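**Q** What follows is a single structure, and I will ask about it in a moment.
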Amino acid sequence: HCTASGEAEDVRKFGIKTPTITLPLGVDRPEVISAAKSQLHQLYNIPGERQIILFLSRLHCKKRPDLLIKSLNKVIASNPNAHLIMAGSGEADYTSYLTELVESHNLTNCVTFTGFVAGEEKQTVLQGSDMFVLPSYSENFGIAVAEAMIAGLPVIITPGVQIAPEVEAANAGIIIDGETELVSAITKLLDSTQLRSQLGQNAVNFATQKYSWSAIAAELSTHYKKIIQEKYTQY
């Protein structure tokens, strides 16, 4: 059971010849928090005029939060109201490196580290932000991306996130590779409320159709029936 076409390709590269199915992970559509934006700004004491760029994932070098911090310095040059939320936890040494990186780029007033978030706080962070960014080297699926999309956020991800082709096809976000493209994509979304709204709505529609548990359960049931009936000779 693979969660993305890229993951299925990786399975074959390892020489595994067992039949596979490709079926994504699921996410629940959250209860809407109508005042999420104001609550988010209040929760972390962020000025109301700030536009929120959200990184929500484990703080790990594979996910390149350092690239996002370095890119923020260039983004702020043309968008001084940009504010980065780093939501997630990581090993102490790497977390310290990221905080030192923020300080060395004079971004202390523009970056908020929240630590691990869950439950209502997590939904406030998701629904109150303006965009979601995950510049990972590699993600076999990227559940945080699906959570961001179903919360209505336009996403900026790399080709290393293996659902990137589907996100691009659904026009639910922007696929980037490298710092220059990352700066350009963030700036583009910050500058256009209409584009953020359009991509965000596409993201909700796509995630609801593709990643809802009811749709996944129905398809998984079909696959299991075929497996039981031994109808998978080659897949």
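The values are calculated or read from the model by the stated rules, or taken from the named source; none is laboratory data. Everything numeric in this text was worked out from a predicted model, so none of it was measured. Cβ coordinates were reconstructed from backbone atoms using ideal geometry, including for glycine residues, and neighbour counts include every protein chain displayed. Accessible surface is based on the protein model in full, side chains and every heavy atom, while ligands, DNA and RNA are left aside. Shrake-Rupley method; radii C 1.70, N 1.55, O 1.52, S 1.80 Å.
**Q** Evaluate the relative contact order of the chain (contact order divided by residue number), counting alpha-carbon pairs under 8 angstrom at least 6 apart; express in whole percent.
**A** Normalised by residue count, the contact order of the chain is 24 percent.
**Q** Which of these, P154, P135, P47, has the largest mean-square fluctuation under a Gaussian network model of the chain (Cα springs below 10 Å)?
**A** Greatest mean-square fluctuation among the candidates belongs to P47.
**Q** Now a separate question. Would you give the gap between the C-alpha center of the stretch 145-173 and the C-alpha center of the stretch 41-89, rounded to a whole Å?
**A** Computed from Cα coordinates, the inter-centre distance equals 18 Å.
**Q** Right, next: Pull up all non-local amide H partners of G90: gap of 5 or more, or a different chain, and H-to-H distance under 5 Å with H placed in the peptide plane.
**A** L59
**Q** Could I ask something else about it? For the stretch 1-129, give the percent of accessible area contributed by carbon and sulfur heavy atoms, probe 1.4 Å, rounded to a whole number.
**A** On the way: 3380 of 6700 Å².
The nonpolar share, carbon plus sulfur, comes to 50 percent.
**Q** Between A82 and residues 5 or more places away or on another chain, which pairs have amide H atoms under 5 Å apart, with H built 1.01 Å from N, and which residues are they?
**A** Q51
**Q** Let me ask you something else. Taking H as built 1.01 Å from N, whose amide H comes closer than 5 Å to the amide H of E139, not counting residues under 5 places away?
**A** V161, Q162
**Q** OK, next. GNM, the chain, Cα, under 10 Å: largest mean-square fluctuation among I175, I156, I16?
**A** For the chain, modelled as a Gaussian network with Cα springs under 10 Å, the answer is I16.
**Q** By average Cβ neighbour count within 10 Å, what is the ranking of 51-58, 94-101 from highest down?
**A** Final packing ranking: 51-58, 94-101.
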